[in-house]
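Comments concern the structure below.
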Amino acid sequence: MPSLKDLRNRISSVKATRKITKAMQMVAAAKLRRAQDAATAARPYAQRMERVLANLNKRANRSGASRLLVGTGKDDVHLLIVMTAERGLCGGFNSNIAKLARQDAQRLAAAGKTVKILSVGRKGADNLRRDLGRNIVDRVDLRGHKQIGFGIAADIAHTVLAMFEAGEFDVATLYFSEFKSVIAQKPTALQLIPAKLPEGGEASAGAANGGEAVYEYEPDEGEILSYLLPRNIASQIFRGLLENAASEQGARMSAMDSATRNAGDMIDKLTLRYNRQRQANITKELIEIISGAEAL
(Lines give C-alpha, C1' and ligand atoms only; values in the text may rest on other atoms or scores of the structure.)
Protein backbone atom coordinates (compact mmCIF):
# COMPACT_ATOMS: atom_id res chain seq x y z
CA MET A 1 0.00 0.00 0.00
CA PRO A 2 1.49 3.38 -0.99
CA SER A 3 2.29 5.82 1.76
CA LEU A 4 0.69 9.24 2.18
CA LYS A 5 3.81 10.83 0.75
CA ASP A 6 3.62 8.61 -2.35
CA LEU A 7 -0.03 9.56 -2.86
CA ARG A 8 0.76 13.28 -2.47
CA ASN A 9 3.56 13.01 -5.02
CA ARG A 10 1.30 11.19 -7.45
CA ILE A 11 -1.47 13.76 -7.06
CA SER A 12 1.03 16.55 -7.72
CA SER A 13 2.33 14.73 -10.79
CA VAL A 14 -1.15 14.24 -12.25
CA LYS A 15 -1.99 17.91 -11.57
CA ALA A 16 1.13 18.98 -13.46
CA THR A 17 0.15 16.69 -16.35
CA ARG A 18 -3.35 18.18 -16.37
CA LYS A 19 -1.88 21.67 -16.68
CA ILE A 20 0.16 20.57 -19.70
CA THR A 21 -2.76 18.86 -21.46
CA LYS A 22 -5.01 21.84 -20.79
CA ALA A 23 -2.42 24.21 -22.22
CA MET A 24 -1.99 22.00 -25.31
CA GLN A 25 -5.76 21.92 -25.76
CA MET A 26 -5.95 25.71 -25.69
CA VAL A 27 -3.04 26.06 -28.13
CA ALA A 28 -4.66 23.56 -30.53
CA ALA A 29 -7.97 25.43 -30.27
CA ALA A 30 -6.22 28.69 -31.14
CA LYS A 31 -4.48 27.14 -34.16
CA LEU A 32 -7.55 25.23 -35.33
CA ARG A 33 -9.52 28.23 -36.54
CA ARG A 34 -6.78 29.45 -38.85
CA ALA A 35 -6.02 25.93 -40.12
CA GLN A 36 -9.72 25.21 -40.69
CA ASP A 37 -10.19 28.46 -42.62
CA ALA A 38 -7.18 27.66 -44.83
CA ALA A 39 -8.42 24.13 -45.56
CA THR A 40 -11.93 25.34 -46.34
CA ALA A 41 -10.62 28.06 -48.65
CA ALA A 42 -8.46 25.57 -50.58
CA ARG A 43 -11.30 23.16 -51.40
CA PRO A 44 -13.14 25.26 -54.04
CA TYR A 45 -9.91 25.94 -55.95
CA ALA A 46 -8.94 22.26 -56.05
CA GLN A 47 -12.46 21.21 -57.06
CA ARG A 48 -12.66 23.89 -59.75
CA MET A 49 -9.27 22.84 -61.08
CA GLU A 50 -10.51 19.25 -61.41
CA ARG A 51 -13.63 20.37 -63.33
CA VAL A 52 -11.58 22.52 -65.71
CA LEU A 53 -9.21 19.63 -66.37
CA ALA A 54 -12.14 17.27 -66.92
CA ASN A 55 -13.65 19.67 -69.46
CA LEU A 56 -10.31 20.09 -71.24
CA ASN A 57 -9.75 16.36 -71.25
CA LYS A 58 -13.16 15.77 -72.82
CA ARG A 59 -12.38 18.09 -75.72
CA ALA A 60 -8.68 17.42 -76.14
CA ASN A 61 -7.20 15.20 -78.82
CA ARG A 62 -6.49 11.83 -77.16
CA SER A 63 -3.52 11.10 -79.40
CA GLY A 64 -0.35 12.32 -77.75
CA ALA A 65 -2.12 13.07 -74.45
CA SER A 66 0.03 13.71 -71.39
CA ARG A 67 1.10 10.64 -69.43
CA LEU A 68 -0.01 12.46 -66.28
CA LEU A 69 -3.55 12.09 -67.63
CA VAL A 70 -3.55 8.72 -69.34
CA GLY A 71 -0.78 7.01 -67.37
CA THR A 72 2.02 4.80 -68.63
CA GLY A 73 -0.28 2.01 -69.76
CA LYS A 74 0.80 -0.13 -66.81
CA ASP A 75 0.04 -0.30 -63.10
CA ASP A 76 2.93 -2.47 -61.93
CA VAL A 77 4.61 0.05 -59.61
CA HIS A 78 2.58 2.15 -57.17
CA LEU A 79 3.85 5.17 -55.25
CA LEU A 80 2.01 5.91 -52.00
CA ILE A 81 2.47 9.49 -50.77
CA VAL A 82 1.62 9.23 -47.07
CA MET A 83 1.19 12.60 -45.37
CA THR A 84 1.06 12.73 -41.57
CA ALA A 85 2.09 15.10 -38.79
CA GLU A 86 5.52 15.73 -37.34
CA ARG A 87 4.28 15.36 -33.76
CA GLY A 88 2.08 12.99 -31.83
CA LEU A 89 -0.38 13.56 -28.97
CA CYS A 90 -3.24 13.92 -31.46
CA GLY A 91 -5.26 10.77 -30.88
CA GLY A 92 -5.56 8.40 -33.81
CA PHE A 93 -4.85 11.03 -36.47
CA ASN A 94 -1.47 9.67 -37.60
CA SER A 95 -2.23 6.00 -37.06
CA ASN A 96 -5.49 6.15 -39.07
CA ILE A 97 -3.72 7.55 -42.15
CA ALA A 98 -0.92 5.01 -41.80
CA LYS A 99 -3.46 2.22 -41.36
CA LEU A 100 -5.23 3.09 -44.63
CA ALA A 101 -1.91 3.28 -46.48
CA ARG A 102 -0.76 -0.02 -44.95
CA GLN A 103 -3.95 -1.80 -45.99
CA ASP A 104 -3.63 -0.56 -49.58
CA ALA A 105 0.08 -1.44 -49.67
CA GLN A 106 -0.61 -4.97 -48.46
CA ARG A 107 -3.47 -5.37 -50.95
CA LEU A 108 -1.25 -4.22 -53.83
CA ALA A 109 1.63 -6.43 -52.71
CA ALA A 110 -0.74 -9.42 -52.56
CA ALA A 111 -1.75 -8.65 -56.16
CA GLY A 112 1.90 -8.81 -57.25
CA LYS A 113 2.44 -5.04 -57.52
CA THR A 114 5.56 -3.18 -56.44
CA VAL A 115 4.89 -0.63 -53.71
CA LYS A 116 7.00 2.45 -53.00
CA ILE A 117 6.28 4.92 -50.22
CA LEU A 118 7.07 8.63 -50.04
CA SER A 119 6.58 9.72 -46.44
CA VAL A 120 5.68 13.34 -45.72
CA GLY A 121 5.91 13.95 -41.98
CA ARG A 122 7.90 12.00 -39.39
CA LYS A 123 5.01 10.10 -37.81
CA GLY A 124 4.04 8.39 -41.06
CA ALA A 125 7.49 6.88 -41.47
CA ASP A 126 7.53 5.84 -37.80
CA ASN A 127 4.18 4.06 -38.15
CA LEU A 128 5.08 2.27 -41.38
CA ARG A 129 8.72 1.45 -40.64
CA ARG A 130 8.08 -1.89 -38.93
CA ASP A 131 5.94 -3.45 -41.69
CA LEU A 132 6.95 -1.45 -44.77
CA GLY A 133 10.32 0.03 -43.92
CA ARG A 134 11.95 -1.42 -47.04
CA ASN A 135 9.30 0.23 -49.23
CA ILE A 136 10.02 3.78 -48.03
CA VAL A 137 12.07 5.39 -50.81
CA ASP A 138 12.14 8.97 -49.54
CA ARG A 139 11.07 11.16 -46.64
CA VAL A 140 10.03 14.81 -46.50
CA ASP A 141 10.69 16.53 -43.17
CA LEU A 142 8.30 19.36 -42.28
CA ARG A 143 9.79 20.23 -38.89
CA GLY A 144 11.57 23.28 -40.26
CA HIS A 145 8.35 24.84 -41.56
CA LYS A 146 6.22 26.77 -39.09
CA GLN A 147 3.42 27.36 -41.62
CA ILE A 148 2.20 25.32 -44.56
CA GLY A 149 2.78 27.21 -47.80
CA PHE A 150 2.34 26.35 -51.46
CA GLY A 151 6.11 26.20 -51.86
CA ILE A 152 6.22 23.03 -49.74
CA ALA A 153 3.60 21.38 -51.92
CA ALA A 154 5.42 22.52 -55.07
CA ASP A 155 8.66 20.92 -53.85
CA ILE A 156 6.88 17.63 -53.08
CA ALA A 157 5.16 17.74 -56.48
CA HIS A 158 8.52 18.37 -58.17
CA THR A 159 9.95 15.27 -56.45
CA VAL A 160 6.96 13.15 -57.51
CA LEU A 161 7.09 14.40 -61.12
CA ALA A 162 10.83 13.78 -61.32
CA MET A 163 10.30 10.19 -60.13
CA PHE A 164 7.50 9.73 -62.69
CA GLU A 165 9.58 11.09 -65.56
CA ALA A 166 12.37 8.73 -64.52
CA GLY A 167 9.95 5.81 -64.81
CA GLU A 168 10.13 4.90 -61.12
CA PHE A 169 6.36 4.30 -60.78
CA ASP A 170 3.16 3.99 -62.80
CA VAL A 171 0.46 5.11 -60.34
CA ALA A 172 0.71 7.66 -57.53
CA THR A 173 -1.83 7.92 -54.69
CA LEU A 174 -1.98 10.62 -52.02
CA TYR A 175 -2.99 9.77 -48.44
CA PHE A 176 -4.19 12.45 -46.04
CA SER A 177 -6.96 13.12 -43.53
CA GLU A 178 -9.92 15.19 -44.69
CA PHE A 179 -11.16 17.57 -42.01
CA LYS A 180 -14.83 17.11 -41.16
CA SER A 181 -15.09 18.51 -37.62
CA VAL A 182 -13.15 18.68 -34.38
CA ILE A 183 -14.17 15.11 -33.53
CA ALA A 184 -14.25 13.68 -37.07
CA GLN A 185 -11.38 13.39 -39.54
CA LYS A 186 -11.64 11.05 -42.51
CA PRO A 187 -8.52 9.26 -43.85
CA THR A 188 -8.62 9.72 -47.62
CA ALA A 189 -6.79 8.20 -50.61
CA LEU A 190 -6.64 10.38 -53.75
CA GLN A 191 -5.09 9.13 -56.99
CA LEU A 192 -2.82 11.79 -58.49
CA ILE A 193 -1.21 9.99 -61.44
CA PRO A 194 -2.92 9.22 -63.74
CA ALA A 195 -5.33 11.97 -62.75
CA LYS A 196 -8.79 10.88 -61.62
CA LEU A 197 -11.08 13.57 -63.02
CA PRO A 198 -14.84 14.00 -62.49
CA GLU A 199 -17.04 12.97 -65.37
CA GLY A 200 -18.40 15.73 -67.56
CA GLY A 201 -16.36 18.61 -66.16
CA GLU A 202 -17.75 22.11 -66.25
CA ALA A 203 -20.25 21.26 -68.96
CA SER A 204 -22.21 18.99 -66.63
CA ALA A 205 -22.03 21.61 -63.89
CA GLY A 206 -23.49 24.18 -66.26
CA ALA A 207 -26.20 21.77 -67.39
CA ALA A 208 -27.17 21.16 -63.76
CA ASN A 209 -27.73 24.90 -63.40
CA GLY A 210 -30.08 25.01 -66.37
CA GLY A 211 -27.68 25.66 -69.26
CA GLU A 212 -24.55 24.05 -70.64
CA ALA A 213 -21.53 26.33 -70.63
CA VAL A 214 -19.36 26.37 -73.74
CA TYR A 215 -15.73 27.47 -73.53
CA GLU A 216 -13.20 28.27 -76.22
CA TYR A 217 -9.55 27.83 -75.25
CA GLU A 218 -6.51 29.56 -76.64
CA PRO A 219 -3.99 27.96 -77.07
CA ASP A 220 -5.36 24.49 -77.74
CA GLU A 221 -6.58 22.14 -75.02
CA GLY A 222 -3.53 19.88 -75.16
CA GLU A 223 -1.10 22.70 -74.48
CA ILE A 224 -3.19 24.00 -71.59
CA LEU A 225 -3.40 20.50 -70.13
CA SER A 226 0.38 20.12 -70.29
CA TYR A 227 0.64 23.20 -68.05
CA LEU A 228 -2.30 22.58 -65.73
CA LEU A 229 -1.71 18.88 -64.96
CA PRO A 230 1.58 19.43 -63.04
CA ARG A 231 -0.05 22.44 -61.37
CA ASN A 232 -2.99 20.27 -60.38
CA ILE A 233 -0.68 17.77 -58.66
CA ALA A 234 0.87 20.57 -56.59
CA SER A 235 -2.59 21.97 -55.83
CA GLN A 236 -3.93 18.61 -54.64
CA ILE A 237 -0.86 18.06 -52.47
CA PHE A 238 -1.27 21.55 -51.02
CA ARG A 239 -4.92 20.84 -50.29
CA GLY A 240 -3.93 17.59 -48.57
CA LEU A 241 -1.38 19.41 -46.43
CA LEU A 242 -3.97 22.00 -45.37
CA GLU A 243 -6.58 19.33 -44.64
CA ASN A 244 -3.97 17.49 -42.57
CA ALA A 245 -3.06 20.63 -40.63
CA ALA A 246 -6.69 21.27 -39.69
CA SER A 247 -7.32 17.60 -38.89
CA GLU A 248 -4.21 17.43 -36.71
CA GLN A 249 -5.25 20.41 -34.60
CA GLY A 250 -8.81 19.15 -34.31
CA ALA A 251 -7.62 15.68 -33.27
CA ARG A 252 -5.12 17.16 -30.80
CA MET A 253 -7.75 19.43 -29.29
CA SER A 254 -10.13 16.49 -28.81
CA ALA A 255 -7.38 14.20 -27.44
CA MET A 256 -6.08 16.79 -24.98
CA ASP A 257 -9.61 17.56 -23.80
CA SER A 258 -10.13 13.86 -23.04
CA ALA A 259 -6.73 13.67 -21.33
CA THR A 260 -7.55 16.71 -19.18
CA ARG A 261 -10.86 15.23 -18.07
CA ASN A 262 -9.24 11.86 -17.36
CA ALA A 263 -6.55 13.57 -15.29
CA GLY A 264 -9.27 15.34 -13.28
CA ASP A 265 -11.03 12.04 -12.60
CA MET A 266 -7.75 10.46 -11.50
CA ILE A 267 -7.02 13.37 -9.16
CA ASP A 268 -10.45 12.98 -7.56
CA LYS A 269 -9.89 9.24 -7.03
CA LEU A 270 -6.39 9.74 -5.63
CA THR A 271 -7.57 12.51 -3.33
CA LEU A 272 -10.36 10.31 -1.99
CA ARG A 273 -7.89 7.48 -1.45
CA TYR A 274 -5.45 9.86 0.25
CA ASN A 275 -8.14 11.17 2.63
CA ARG A 276 -9.29 7.67 3.53
CA GLN A 277 -5.78 6.49 4.27
CA ARG A 278 -5.00 9.64 6.25
CA GLN A 279 -8.17 9.15 8.33
CA ALA A 280 -7.24 5.50 8.88
CA ASN A 281 -3.78 6.50 10.10
CA ILE A 282 -5.26 9.10 12.48
CA THR A 283 -7.73 6.54 13.85
CA LYS A 284 -4.93 4.02 14.33
CA GLU A 285 -2.83 6.55 16.22
CA LEU A 286 -5.76 7.48 18.48
CA ILE A 287 -6.40 3.81 19.27
CA GLU A 288 -2.74 3.36 20.17
CA ILE A 289 -2.82 6.42 22.47
CA ILE A 290 -6.02 5.29 24.20
CA SER A 291 -4.71 1.73 24.59
CA GLY A 292 -1.51 3.01 26.12
CA ALA A 293 -3.39 5.26 28.54
CA GLU A 294 -5.60 2.38 29.67
CA ALA A 295 -2.58 0.16 30.19
CA LEU A 296 -1.15 2.72 32.65
### Query
How far, in nm, would the chain grow between residue 155 and residue 67 when pulled straight, counting 0.36 nm per residue and subtracting the alpha carbon separation?
29.7 nm
### Message
Given Cβ point charges of +1 (Lys, Arg) and -1 (Asp, Glu) and nothing else, what value in debye, to the nearest 20, does the dipole of the chain about its Cα centre take?
### Response
1540 debye
### FRET efficiency for residue 126 and residue 10, using Cβ-Cβ distance with R0 set to 35 Å, rounded to 0.05
0.70
### Gain in span if fully extended, residue 285 to residue 26, counting 0.36 nm per residue against the direct Cα distance
88.6 nm
### Task
Return the subset of 123/180; 22/123; 31/99; 19/284; 15/284; 186/269 for which the Cα-Cα distance in this structure is over 32 Å, preserving the input order.
19/284; 186/269
## Note on the structure
Under a Gaussian network model of the chain whose springs join Cα atoms within less than 10 Å, the largest fluctuation of 260, 188, 283 belongs to 283
### Message
I want to verify a result. In a Gaussian network model of the chain, Cα cutoff 10 Å, which of these has the top mean-square fluctuation: 23, 166, 184?
### Response
166
#### Entry: Dipole axis of the chain (+1 Lys, Arg; -1 Asp, Glu on Cβ), positive-most option in 92, 133, 11
11
### Message
If I build a Gaussian network model for the chain, linking alpha-carbon pairs within less than 10 angstrom, which residue out of 174, 161, 270 has the largest mean-square fluctuation?
### Response
270
### Query
Taking only DSSP H segments of four or more residues, each worth -39500 (n - 2.57), what value at 222 nm results for the chain once the sum is divided by all its residues, to the nearest 500 deg cm²/dmol?
-22500 deg cm²/dmol
### Task
Would you work out what percent of the accessible area of the chain, with all protein chains in place, is carbon or sulfur (probe 1.4 Å)?
51 percent
### Query
Taking every DSSP beta bridge that has both residues in the chain, what percent is antiparallel when rounded to the nearest 5?
35 percent
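The values are calculated or read from the model by the stated rules, or taken from the named source; none is laboratory data. All values derive from a computational prediction rather than experimental measurement. No Cβ is skipped: glycine too gets one built from the backbone with ideal geometry, and neighbour counts run over all protein chains shown. The area values use the complete protein model at the heavy-atom level, side chains included, leaving out ligands, DNA and RNA. Shrake-Rupley method; radii C 1.70, N 1.55, O 1.52, S 1.80 Å.
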